[in-house]
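In what follows, a single structure is set out as C-alpha cells and then discussed.
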Amino acid sequence: EGFLTTESFNTMFLLLFAIFAISFGAGATAGEEDRGTMNLLLSMPIPRWRVVLEKFLYFVVALAFLMLVAAVIVWVSVLLVGEKLAFIAVARVSVQGFFLFLAIGAISLFISTLFSLDSAARTSCGPS
C-alpha cells in the first residue's frame, strides 16, 4: 500500500505542481511589472503588503483545490483498476505535497518581489 501511495503521485504530478508553484510565484508581482499593470495597482490606496498577501492567499486556495482534485483522481483511478488503497494514505500524501509546493510557491513569490523582471524571477527560482 505504501508503494502504491507513493507511486500514485508520480513524477508527472510532482513536475506539474512544481511548475505551477514556480510560475505562479514568479509571475505574481514581477509579471505585473513586466506588463505595466503594477503601477496602476499601486496607485490605488492599497498597501503593498496587502497586494502580495492577496496574491499569496489566492495561490494557497488554488493549490489546495488542485491537490484535492489530484487526490480524488488518484483515489478513484486506483479503485477503478481494482486495487485497495485507503483514502487516508492518499490524503496524507496530498497534505505533504501541499506544504511542499506551498513552500516552493512562497519562495518563488518572495524572489519575485525582489526582482523587477519576470524572466529574472523565474530564472532565479529554477527551471520552468
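Could you run the Debye sum over the Cα atoms of region 1-112, one equal point scatterer each and no solvent, and tell me log10 of I(q)/I(0) at q = 0.11, 0.12 Å⁻¹, two decimals?
Ignoring solvent entirely, the Cα scatterers give -0.44, -0.50.
Per residue of region 67-83, in order, report the coupling 6.51 cos²θ - 1.76 cosθ + 1.60 (Karplus, θ = phi - 60°) as ³J(HN,Hα) in whole Hz, putting x for Gly and Pro.
5, 5, 4, 4, 5, 5, 4, 5, 5, 5, 5, 5, 5, 5, 8, x, 7
Karplus couplings for region 44-59 from phi (6.51 cos²θ - 1.76 cosθ + 1.60, θ = phi - 60°), rounded to Hz, Gly and Pro as x?
7, x, 10, x, 4, 4, 5, 4, 5, 5, 5, 5, 5, 5, 4, 5
Using θ = phi - 60° and the Karplus form 6.51 cos²θ - 1.76 cosθ + 1.60, what ³J(HN,Hα) does each residue of region 22-31 get, whole Hz, x for Gly and Pro?
Taking θ as phi minus 60°, the curve returns 5, 5, 5, x, 6, x, 4, 10, 5, x Hz for region 22-31.
Please report, as a whole percent, how much of the solvent-accessible surface of region 38-116 comes from carbon and sulfur atoms (probe radius 1.4 Å). Could the numbers behind the result be given before it?
Values: 3870 of 5100 Å².
Accessible surface attributable to carbon and sulfur in region 38-116 totals 76 percent.
The values are calculated or read from the model by the stated rules, or taken from the named source; none is laboratory data. Model, not experiment: these values are computed from the prediction. Areas reflect the complete protein model, heavy atoms only, side chains present, ligands, DNA and RNA absent. Shrake-Rupley method; radii C 1.70, N 1.55, O 1.52, S 1.80 Å.
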